[in-house]
Amino acid sequence: MIFFFYSFNRLFFGLIILISFASAFDIKTKFSSVVKSFSIIKNFKELTSVETNQREITVLNGIRFVNMVMIVLGHQTMAMHFYPIVNRFETNEIYQSLLSVPFRAIYLYTEVFLMLSGLLTAYSLIGKLNRGQIINIPKEITSRYFRFMPPAIALILFATFILPSLEKGPLWPLLIDSQAEICKKYWWRNMLMIQNWFGFENVCMFNLHHIGTDFFMFAISTILIIYVHKFARYNIVIITF
């Protein structure tokens with residue numbers, strides 16, 4: 001355990017140095033695109049950019065922002081169940097009130113994200129097909145996988161080997177150490193995107209469950225969209241199926 005802690009501690013420390021190095025050179029001159037991709041300045045500009053293009057559905061940006069805020073508030077509401085509460089009966093009454101419904105219905109916001117993901121997938125792939133481009137299914141799925149996995153791997157490593165050693169307390173083993181132990185056993189399920197097949201209580205980093213769902217839905221929808229486009233006259237039958 002100590003070996004892994006120091007190994008991954010050095011890994012994240014090296015990443016911080018790389019980010020600082022890339023950011024410093026980004027200020028002065030144009031640098032290698034690979035190293036520059038770690039620049040805080042470059043990434044901050046891209047994340048805060050309000051520029052749009054003709055193919056973008058701009059109204060979705062506002063929907064995603066509101067949805068993201070509600071998911072954060074909903075998870076925070078769920079986390080309150082683990083806090084030391086003086087009067088739990090009073091807390092339960094608050095949770096059962098009508099005003100608390102928007103914060104408890106987290107699954108609705110998750111489904112909105114899945115719907116938007118499907119909409120953007122269909123919009124992008126059908127646009128390519130209408131322009132006469134050939135959809136390379138393995139390439140599309142592989143690209144999707146490597147978009148998800150680097151930050152997911154970094155999060156799993158941090159939460160498994162570093163986060164448990166950063167703090168101690170009465171609730172720490174319940175919330176943090178237990179997740180770290182699950183990840184030590186079942187991290188490979190996340191790599192294969194099959195973590196959701198084994199029960200929510202056995203998921204390594206349960207906040208990554210959305211990735212597994214989104215990935216397999218993307219793989220299925222990519223194939224479905226090609227058939228819907230190719231056999232347009234049978235769209236109703238295909239979509240209904």
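The values are calculated or read from the model by the stated rules, or taken from the named source; none is laboratory data. Given the structure is predicted, the values throughout are model-derived calculations rather than measurements. Every residue, glycine among them, receives a Cβ derived from its backbone with ideal geometry; neighbour counts consider all protein chains shown. The protein model used for the area step is the full one, side chains on, heavy atoms only, and it has no ligands, DNA or RNA in it. Shrake-Rupley method; radii C 1.70, N 1.55, O 1.52, S 1.80 Å.
Among the listed residues MET115, MET191, identify the single one that is open to solvent by 80 Å² or more (accessible area, probe 1.4 Å) and of a type in the set (A, V, I, L, M, F, W, C). I'd like the intermediate steps shown before the answer.
Values: MET191 fails: open to solvent by 80 Å² or more (accessible area, probe 1.4 Å).
Testing whether each residue is open to solvent by 80 Å² or more (accessible area, probe 1.4 Å) and of a type in the set (A, V, I, L, M, F, W, C) leaves just MET115.
With surrounded by 12 or more Cβ atoms within 10 Å (Cβ to Cβ), under 20 Å from SER124 (Cβ atoms) and not polar (S, T, N, Q) as the only criterion, which of ILE223, ILE156 stands out? Let's see the steps before the verdict.
Numbers: ILE156 fails: under 20 Å from SER124 (Cβ atoms).
Unique residue meeting the criteria: ILE223.
Check LYS168 against each of (1) of a type outside the set (S, T, N, Q); (2) buried (at least 16 other Cβ atoms within 10 Å of the Cβ); (3) farther than 26 Å from VAL66 by Cα and name the one condition it does not meet.
It is condition (2) that LYS168 fails.
Where the second residue is at pLDDT 85 or above and of a type in the set (D, E, K, R) and the first is open to solvent by less than 80 Å² (accessible area, probe 1.4 Å) and in a helix (DSSP H, G or I) and lies in region 196-211, which pairs have Cβ atoms under 9 Å and are six or more apart or on separate chains?
Within 9 Å, the pairs are ASN196/ARG189; PHE198/ARG189; ASN202/LYS185; ASN202/ARG189.
Of everything in region 131-152, what is in a helix (DSSP H, G or I) and in contact (Cβ under 8 Å) with a residue 12 or more places away in the chain? Give them in sequence order. Don't jump to the end; show me each part of the working.
First, pick out the residues of region 131-152 that are in a helix (DSSP H, G or I): 137-152.
Scanning region 131-152 gives ILE137, GLU140, ILE141, ARG144, TYR145, PHE148, MET149, ALA152.
Tell me, yes or no, whether region 74-93 has at least one residue that is open to solvent by less than 50 Å² (accessible area, probe 1.4 Å), of a type in the set (S, T, N, Q), out of contact with any Phe, Trp or Tyr (no Cβ under 6 Å at 6 or more places or on another chain) and under 22 Å from THR213 (Cβ atoms).
There is no residue in region 74-93 that is open to solvent by less than 50 Å² (accessible area, probe 1.4 Å), of a type in the set (S, T, N, Q), out of contact with any Phe, Trp or Tyr (no Cβ under 6 Å at 6 or more places or on another chain) and under 22 Å from THR213 (Cβ atoms).
Please verify whether region 83-92 includes one or more residues that are part of a helix (DSSP H, G or I), within 24 Å of the chain's Cα centre (by Cα) and over 30 Å from LEU18 (Cβ atoms). Quick ask: steps written out before the conclusion?
Start the filter on region 83-92 by keeping residues that are part of a helix (DSSP H, G or I), which leaves 88-92.
This time we only want the ones that are within 24 Å of the chain's Cα centre (by Cα), so: none.
Scanning region 83-92, I find no residue that is part of a helix (DSSP H, G or I), within 24 Å of the chain's Cα centre (by Cα) and over 30 Å from LEU18 (Cβ atoms), so the answer is no.
Pull out all pairs, ordered by first then second residue, where Cβ-Cβ is under 7 Å, the residues are six or more apart or on different chains, the first lies in region 85-107 and is closer than 26 Å to MET68 by Cβ, and the second is not in a helix (DSSP H, G or I).
Once the first residue is closer than 26 Å to MET68 by Cβ and sits in region 85-107, its partners that are not in a helix (DSSP H, G or I) give THR91/ILE85.
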